[in-house]
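Read the figures in this text as sums done on the coordinates, not as results from a lab. Keep in mind it's a predicted model, so treat the numbers as computed, not measured. Virtual Cβ from ideal backbone geometry, glycine too; neighbours counted across all protein chains shown.
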Amino acid sequence: MTKNAKLSIIIPSYNEQDNIPRTFHTIKEILDNACIPFELIFVDDGSTDLTYPRICQLSTEYPEIKGLSFSRNFGKEAAIFAGLEAASGASCIVMDCDLQHPAPLLPDMYRLWAEGYEIVEGIKSSRGRENPLHTMCANCFYRLISRAVGIDMSKASDFKLMDRKVVDALLLMPERAPFFRALSSWVGFKTTTIPFDVQERSIGSSKWSVWSLTKYAIQNITSFSGIPMQFVTLMGWGMLIASLALGIQSLYKYFSGMALEGFTTVILLQLIIGSVLMISLGIIGHYISKIYDEIKARPRYIISKRCGC
Ligand code: UDP
Ligand code: MG
């Protein structure tokens, strides 16, 4: 790696019209003071507000800015990958548009990269203000995903610097629904971490509802792990053990001359088996639908406009 090589900063942006100028000027001031050459790629993820016009307007004044706009909302992961594809820097940093990822850390991350680290991973030393139910669900999700990836991801974030080698390795992944946070750990490479406190969002609001977070968690767990399918096997074994126990109890009752009261048991068993079968089919069906999505091989995103490129 060369000292003073260009740094690409990728910022997925969805309905962030008021954050665009503020984020750009904050980053520019910090990087100019540190004498780090950079380009800033805003990826407008199908915003319905003035996000893209603001990006274009800024790009006419500042040549460091590139803007891409999706034809519709494809999601943050797609925006990250589009930004990585458009980046020309020797290293790339992905960060949020709302400055919840602290920009003052950028020169430190760049310095660690210049020292030879290929991934500088921002890890959350605190999660910021958040409701306790959200924290509990997030912990549960990260425990599952850490097991799937085989790396502790409990403090992982999307705020990370990657060397060009890492970016090229990520761009080679053909999957339709990539999970950036886990994939960028899964690829390996020489990694170091840098702790940060999640900042308060000062303008706008979070784009995540409980429903979209649940969908995001299911999508990413199943795209990284086959463990849910093993639940099907587990449930099967559970039912087998329960039916053996019931069989032994029935035989015991039969031989000790007690009448077998059967009707309720039969109905209950039918309901339990029916539910277990339907849940199992649902889990398997989910994986089949993912295979179907992969086989269709549609693009991860569609770019409708570009500016400053
Ligand atoms: N984002 C995006 N597409 C989406 C949702 C969010 O590109 O569909 C961007 C958003 O503009 C921000 C980043 O992803 O730059 C993080 O989003 P947000 O702040 O809403 O998430 P939170 O910080 O609450 O996890
Ligand atoms: Mg945010």
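Taking Cβ-Cβ under 4.7 Å as the only way to count a partner, pick out the unpartnered cysteines of the chain.
Within the chain, the cysteines lacking a partner Cβ under 4.7 Å are C35, C92, C97, C137, C140, C309.
Going through the range 51-99, which trypsin sites (Lys or Arg not before Pro) have at most 10 other Cβ atoms within 10 Å and a DSSP loop state?
Passing sites in the range 51-99 are R72.
What's the magnitude of the charge dipole for the chain around its Cα centre, counting Lys and Arg as +1 and Asp and Glu as -1 at the beta-carbon? Answer in Debye, nearest 20.
Result for the chain is approximately 540 debye, rounded to the nearest 20.
Taking R0 as 51 Å, what FRET efficiency do you get between W208 and S250 from their Cβ-Cβ distance, rounded to the nearest 0.05?
0.50
Sort the following peptides by mean Cβ neighbour count (other Cβ atoms within 10 Å, averaged over residues), highest first: 288-298, 36-46, 94-104.
Packing order, densest peptide first, comes out as 36-46, 94-104, 288-298.
Using 0.36 nm per residue, how much length does the chain from E200 to S304 gain when fully extended, once their Cα-Cα distance is taken away?
34.3 nm
What does the highest-first list of 242-248, 108-114 look like by mean Cβ count within 10 Å?
Sorting 242-248, 108-114 by mean packing, highest first, produces 108-114, 242-248.
I'd like the distance between the alpha-carbon centres of the range 16-55 and the range 242-309, rounded to an integer number of Å.
First find each Cα centre; the distance between them is then 47 Å.
Enumerate the amide H contacts of K66 below 5 Å, restricted to partners 5 or more residues apart or on another chain; note that Pro and chain-start residues carry no placed amide H.
Here L40, I41, F42 satisfy the definition.
Just to be sure I understand the rule: take each whole DSSP H helix in the chain, project its Cα atoms onto its long axis, keep it if the span is 18 Å or more and its mean Kyte-Doolittle hydropathy is at least 0.0. Which ones pass?
Helix filter hits for the chain: 132-149, 210-224, 227-255, 263-296.
Can you compute the charge dipole magnitude of the range 143-286 about its Cα centre, using +1 on each Lys and Arg Cβ and -1 on each Asp and Glu Cβ, nothing else charged? Give it in debye, rounded to the nearest 20.
Charge dipole of the range 143-286: 280 debye, to the nearest 20.
List the aspartates and glutamates whose alpha-carbon lies under 18 Å from that of K253, not counting same-chain residues fewer than 8 positions away?
E261
At 0.36 nm per residue, minus the direct Cα-Cα distance, what do T193 and H286 gain on full extension? Give it in nm, one decimal, please.
Here the segment from T193 to H286 would lengthen by 30.0 nm.
Taking the Cβ-Cβ separation of K6 and K296 as r and a Förster radius of 41 Å, what is the calculated FRET efficiency to the nearest 0.05?
The formula returns an efficiency of 0.70 here.
Beyond a 21 Å Cα-Cα separation, which of these cross-linked pairs lie in this structure: K76/K160; K28/K305; K165/K290; K215/K305?
Violating the 21 Å limit, Cα to Cα: K28/K305; K165/K290; K215/K305.
Please order V210, V120, V232 by the number of other Cβ within 10 Å, starting at the fewest.
By the 10 Å Cβ count, ascending: V210, V232, V120.
Within 10 Å of each residue's Cβ, count the other Cβ atoms and sort F179, F159 from fewest upward.
Sorted ascending by nearby Cβ count, the order is F179, F159.
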